Amino acid sequence: MDTRQMKIKAAELALSYVEDGMRLGIGTGSTAEEFVRLLAEKVAGGFKVQGVPTSERTARLCVELGVPLMSLDEMPELDLTIDGADELDRRLTLIKGGGGALLREKIVAAASSRMIVIADETKLVETLGAYPLPIEINVFGGVATRISIEKAAVKLGLTGTMALRMSGDDLFMTDGGHYILDASFGRIPDAEALSRALHGIPGVVEHGLFIGLASLAVVAGEDGARVIEPSA
Ligand SMILES: O=C(CO)[C@H](O)[C@H](O)COP(=O)(O)O
């Protein structure tokens, strides 16, 4: 089974948690897109959902495939969000933002009663941090913000490199009009402490650590998809 087939398996199992009439947060990325394709098939068969997309990219795919959408302001409380992740550990703490949609993804997940993460098993790790942590920063004062992040990280014993994300020759711009710093700190033993430190920096808009948001993960490997509940 190749990685794409694993993503489809995870998306299929996650779809079984979606009930008729649900208000659904719809994630961003290649795994979430497999979910959208499967959901669209069900919708074409008469299944009713209202979706809130977590990015313009996801919104375009949903419109193309006929998945009904609303804005989060029109439907501010959601039953379930299904989204991918770049890394997850057994507590279901996540690193997200590889696709640049972490801010909307976090807002949508926080507005949902439940969040199910879908991923291929390569993303399940003992300790987060092999994947660079995306940090969304305000365009104003980006250099000062970067210095503050470096100082905060060093205080927590984290060192490494940070790179402003590019899109071709241009700086990558999020849907919200911000930049992303990809921080390669290595192992993140205390995600809560790093999250608190980053939230204390004024130029940080949001970061890609999702703590206590995911209620379930569906992880797929060679043997098919399995459900993981958060460990204590
Ligand atoms: O957080 C995300 C986008 O901001 C994605 O969910 C994450 O990057 C995983 O993407 P993919 O399913 O393509 O591996």
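The values are calculated or read from the model by the stated rules, or taken from the named source; none is laboratory data. No experiment lies behind these values; they were computed from the predicted model shown. Ideal geometry is used to build each Cβ from the backbone, glycine not excepted, and the neighbour counts take in all protein chains shown. The accessibility values were calculated without ligands, DNA or RNA, using every heavy atom of the protein model including side chains. Shrake-Rupley method; radii C 1.70, N 1.55, O 1.52, S 1.80 Å.
A few notes on this one:
- For region 1-126, the antiparallel share of DSSP beta bridges with both residues in that region comes to about 10%.
- The chain: angle of helix 30-44 to the longest principal axis, Cα-based, in degrees nearest 10: 20
- Put simply, the amide H of Leu80, placed in the peptide plane, has neighbours under 5 Å in Arg23, Gly25, Ser113, Arg114, leaving out anything fewer than 5 places away on its chain.
- Mean sequence separation of contacting Cα pairs (under 8 Å, at least six apart), scaled by the length of the chain, corresponds to a relative contact order of 24 percent.
- Accessible surface, region 133-203, averaged per residue in Å² (probe 1.4 Å): 54
- Within region 201-223, backbone nitrogen closer than 19 Å to the virtual label 7 Å beyond the Cα of Met162 toward Cβ: 201-210
- Overall shape: oblate for region 68-163, with the ratio a/c of the largest to smallest alpha carbon gyration tensor axis at 1.5 or above and b/c at least equal to a/b.
- Cα-based Rg / Dmax (Å) for region 1-103: 13.1, 40
- Derived scalar couplings ³J(HN,Hα) [region 215-232; Karplus, 6.51 cos²θ - 1.76 cosθ + 1.60; whole Hz; x for Gly, Pro]: 9, 7, 10, 10, 10, 10, x, 3, 8, x, 9, 9, 9, 10, 8, x, 7, 5
- Loop-located GluC sites (Glu not before Pro) in region 107-209 whose Cβ has at most 15 other Cβ within 10 Å (DSSP): Glu126
- When both region 116-187 and region 46-68 are represented by their alpha-carbon centers, they are found 28 Å apart.
- Interchain or long-range residues, amide H under 5 Å from Gly51's placed H: Leu24, Leu69, Met70
- Whole-Hz couplings from phi, Karplus 6.51/-1.76/1.60, listed for region 85-102; x for Gly and Pro: 7, 8, 8, 9, 10, 6, 7, 6, 7, 10, 10, 10, x, x, x, x, 10, 4
- Helix 142-155 axis, angle to the chain major axis (alpha carbon atoms, nearest 10°): 80
- Value of relative contact order over region 133-203, rounded to a whole percent, pairs C-alpha under 8 Å and six or more apart: 46
- Across Lys7/Lys106; Lys123/Lys151; Lys7/Lys96; Lys106/Lys155; Lys9/Lys96, pairs whose alpha-carbon gap is larger than 24 Å: Lys123/Lys151; Lys106/Lys155
- Cα point-scatterer Debye curve for the chain, base-10 log of I(q)/I(0) at q = 0.18 Å⁻¹: -1.33
- Ellipticity estimate at 222 nm from DSSP helix runs (n ≥ 4, -39,500 (n - 2.57)) divided over the chain, nearest 500: -9500 deg cm²/dmol
- Translational diffusion of region 127-232 was estimated from the Stokes-Einstein equation, with Rh taken as the Kirkwood radius over Cα pairs; at 25 °C and 0.890 mPa s the coefficient is 162 µm²/s.
- Our summary gives region 1-78 a relative contact order of 32 percent, counting only alpha carbon pairs under 8 angstrom and 6 or more residues apart.
- Among the GluC sites (Glu not before Pro) in region 16-112, those located in a DSSP loop and surrounded by at most 12 other Cβ atoms within 10 Å of their own Cβ are Glu19, Glu74, Glu77.
- Share, in percent, of DSSP beta bridges within the chain that are antiparallel, nearest 5: 55
- Dipole orientation for region 1-96: of the candidates Leu24, Thr81, Val36, Val36 has the Cα lying most toward the positive pole (charges on Cβ; Lys, Arg +1; Asp, Glu -1).
- Using alpha-carbon coordinates, inclination of helix 56-65 to the longest axis of the chain, degrees: 10
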